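All of the numbers you see were taken from the coordinates with simple rules; none came from a lab. In this text, all values refer to a predicted model and were calculated from it rather than measured experimentally. Note that we place each Cβ from the backbone using ideal geometry, even for glycine, and neighbour counts take in every protein chain shown.
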Amino acid sequence: MSPSDVFTGFLHVPWGDYAGNIGWGLARTLAYTVASFLGAAVLGLLLALMRLNRLRLVRLPAALYTEVFKNVPLLAIIFVTYFGLPSVGIKLSVFAAGVLSLVLFYAAYLSEIFRAAIAGIHSGQNEAAQALGLGRGTTFGHVVLPQALRLALPGTNTMFVDLLKSTSLLVTISAAELMTQAQLIASETFRALEVYLVIAAIYFAVCYPVSQSLLWLERTIQAGVPLSRGRRRRLRLARTLLAGETP
Amino acid sequence: MTQHAVNVEAATARPAVTIRGLRKSFDGRQVLGGIDLDVPGGRIVSIIGQSGGGKTTLMRCVNLLEQPDDGVIEVNGEAICAGGAVTCKDLARLRQRVGMVFQRFNLFPHLTAVENVVLAQMHAAGIGEREAVERAVRLLTRVGLAHRATAYPERMSGGEQQRVAIARALALGPTVLLFDEPTSALDPESTGEVLRVMRELAADGMTMILVTHELPFAREVSDWVVFIDGGKIIEQGAAADVLDRPREARTRAYVAKYAASG
């Protein structure tokens with residue numbers, strides 16, 4: 001098959017008939033990505049905080065978790081949760097099993113990124129907050145976390161795009177996401193090359209803008225543009241007051 | 001004006017900070033071995049001495065960033081700790097009354113100058129947003145930084161950062177301010193600016209305790225100088241007496257060393 005055959009081959013796939021499949025697959029892929037990322041971020045933060053705890057008893061389980069899930073293939077986790085757990089009476093839906101697998105796997109990586117970010121905040125920041133009478137919760141929420149998020153952003157962004165691509169592994173449990181739809185279309189049209197090229201291009205078309213906008217977000221925060229409404233309001237108020245005092 | 005003068009008079013009448021028998025050890029190593037000190041209201045007291053001599057630890061006990069092992073500290077007549085236990089019921093309130101300015105400023109780098117001054121007002125003192133911002137702008141104007149109010153700390157010089165740190169501490173309305181080596185990270189010009197701000201605060205009746213190695217600065221700014229060595233007060237007195245006519249041999253050696261190197 002020559003390259004020009006590949007090109008005409010695209011025309012032999014009735015794309016119009018499969019637009020619905022592809023659209024649905026894309027929606028499922030995004031649903032898996034968002035649900036899994038939120039879960040992984042929450043669990044990852046919890047694990048990071050546990051690993052920074054003073055008590056060894058708290059640190060140890062979190063460290064153990066991270067090491068286990070960092071060193072096991074994602075596919076093995078997917079198979080254990082979907083095919084393995086039913087034999088001990090835990091029967092999860094495809095969506096639940098898929099999300100759980102991705103959460104378990106990516107929480108381990110995110111916890112490493114978050115831990116490094118929180119540990120990277122200078123101890124003087126905590127002291128300054130303490131000396132100003134700020135409580136522990138407020139100090140974490142208003143002083144440590146905003147700074148840690150800035151440090152964690154680049155690594156977290158990479159993980160987000162990686163997670164989106166890894167949802168394609170859920171094809172093995174027929175998750176109805178983009179890759180599963182691709183497999184279906186390819187088997188019906190016998191045009192594997194063309195179909196998988198198109199699906200790969202769709203992954204790219206989604207991932208590239210996402211990673212670029214996350215980079216933009218990084219640069220915006222780095223440039224000191226306040227993102228929260230409260231901060232913008234306070235800065236506006238300060239500017240108004242200053243303009244009034246120095247005409 | 002008259003009202004103000006009366007307040008200063010009242011403040012100077014009794015000690016703002018009283019320390020009796022203060023002891024503190026770290027991992028079995030004694031850092032403070034029984035300190036007695038009175039800091040009268042409205043005065044600037046410099047604590048000088050070798051590194052590791054306990055002067056920073058002494059100051060950090062006054063706002064309970066360090067918890068003493070023994071002894072009593074009173075702030076404005078109220079005991080905040082006694083016999084190794086914290087007796088101050090409201091730490092947040094203590095830290096509103098006793099402000100602190102750090103050697104490395106420790107400003108919050110993710111917030112602009114004005115937001116640095118606003119944060120604790122809103123989240124520690126429960127002041128409303130509008131009032132907090134108004135007060136922050138007023139204080140930044142007072143320390144000569146109105147034009148830098150919406151700048152981030154990393155874009156500011158050391159002296160500017162130090163003045164934001166002072167405004168941040170002042171925002172909670174303290175009666176006592178603690179300065180940990182306020183000029184060691186500053187160039188001479190910035191030191192002059194910080195000196196000016198401290199003198200204005202002194203004129204308003206603020207009690208200030210500072211730890212410093214810079215004897216010329218201590219001479220310029222303080223009313224009273226305390227020399228600490230080995231966790232004990234070796235000598236104290238008016239700035240000119242201690243720095244120019246030290247009585248104790250150890251004070252003489254220290255003053256000679258730092259006068260030569262400074």
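Quick look at the values:
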| quantity | calculated |
| --- | --- |
| Helix-derived mean residue ellipticity, 222 nm - over chain A, DSSP H n ≥ 4, -39500 (n - 2.57), to 500 | -25500 deg cm²/dmol |
| Degrees between helix A:178-189 axis and first principal axis of chain A (Cα, 0 to 90, nearest 10) | 10 degrees |
| Placed amide H near B:R43: partners under 5 Å, 5+ positions off or other chain | B:M208 |
| Antiparallel %, DSSP beta bridges [both residues in the protein assembly as shown], to 5 | 60 percent |
| Relative packing of peptides B:106-116, A:66-76, A:135-145 - highest average C-beta neighbours within 10 Å first | B:106-116, A:135-145, A:66-76 |
| Options A:L57, A:L169, B:L140, ranked by Cα towards positive dipole end of the protein assembly as shown, top entry (Cβ charges) | A:L57 |
| Efficiency of FRET between A:F190 and A:V34 - r from beta-carbon atoms, R0 51 angstrom, step 0.05 | 0.90 |
| Farthest positive-ward along the range B:177-256 dipole, Cα basis, beta-carbon charges - from B:L201, B:T183, B:I233 | B:I233 |
| Size of charge dipole - the range B:153-206 - debye, nearest 20, with Cβ of Lys, Arg +1 and Asp, Glu -1, no other charges | 160 debye |
| Other protein chain Cβ atoms within 10 Å, averaged over every residue that makes up B:105-118 | 6 |
| Dipole in debye (nearest 20) - chain B, about Cα centre, beta carbon charges: Lys, Arg +1; Asp, Glu -1 | 120 debye |
| Histogram of C-alpha separations across the protein assembly as shown, 20 Å bin width, % | 19, 39, 25, 14, 4, 0 |
| The range A:8-34 and the range A:143-216: distance between their alpha carbon centers, rounded to Å | 14 Å |
| Dmax and Rg, reported as Rg then Dmax, of the range A:16-149 (C-alpha, Å) | 19.1, 66 |
| Spacing of the two label points (7 Å from each Cα toward its C-beta) at B:R247 and B:R196, in nm | 3.8 nm |
| Anisotropy class of the range B:84-236 from Cα gyration tensor, a/c 1.5 cut | oblate |
| Protection proxy ranking of B:31-38, A:211-218 - average other beta-carbon atoms within 10 Å, highest first | B:31-38, A:211-218 |
| 0 to 90° range, to nearest 10: angle between helix B:188-203 axis and chain B longest Cα axis | 90 degrees |
| Nearest 10 degrees, 0 to 90: helix B:249-261 Cα axis against chain B principal axis | 50 degrees |
| Dipole magnitude of the protein assembly as shown, debye to nearest 20 (Cβ charges: Lys/Arg +1, Asp/Glu -1, about Cα centre) | 500 debye |
| Against the rule of thumb 2.2 N^0.38 Å, how large the Cα Rg of chain B comes out | 0.99 |
| Rounded to 5, percent antiparallel among DSSP beta bridges of chain B | 60 percent |
| Most to least packed among B:175-188, B:156-169 [average Cβ atoms within 10 Å] | B:156-169, B:175-188 |
| Estimated FRET transfer efficiency when R0 is 56 angstrom, pair A:F10-A:K91 (beta carbons, to 0.05) | 0.85 |
| Shielding of B:43-54 by partner chains, average beta-carbon count, 10 Å | 0 |
| Peptide-level mean, for A:229-240, of C-beta atoms on other protein chains within 10 Å | 5 |
| 5 Å binning of all Cα-Cα separations within chain A, expressed as whole percents from 0 upward | 1, 6, 10, 12, 13, 13, 11, 10, 8, 6, 4, 3, 2, 1, 0, 0 |
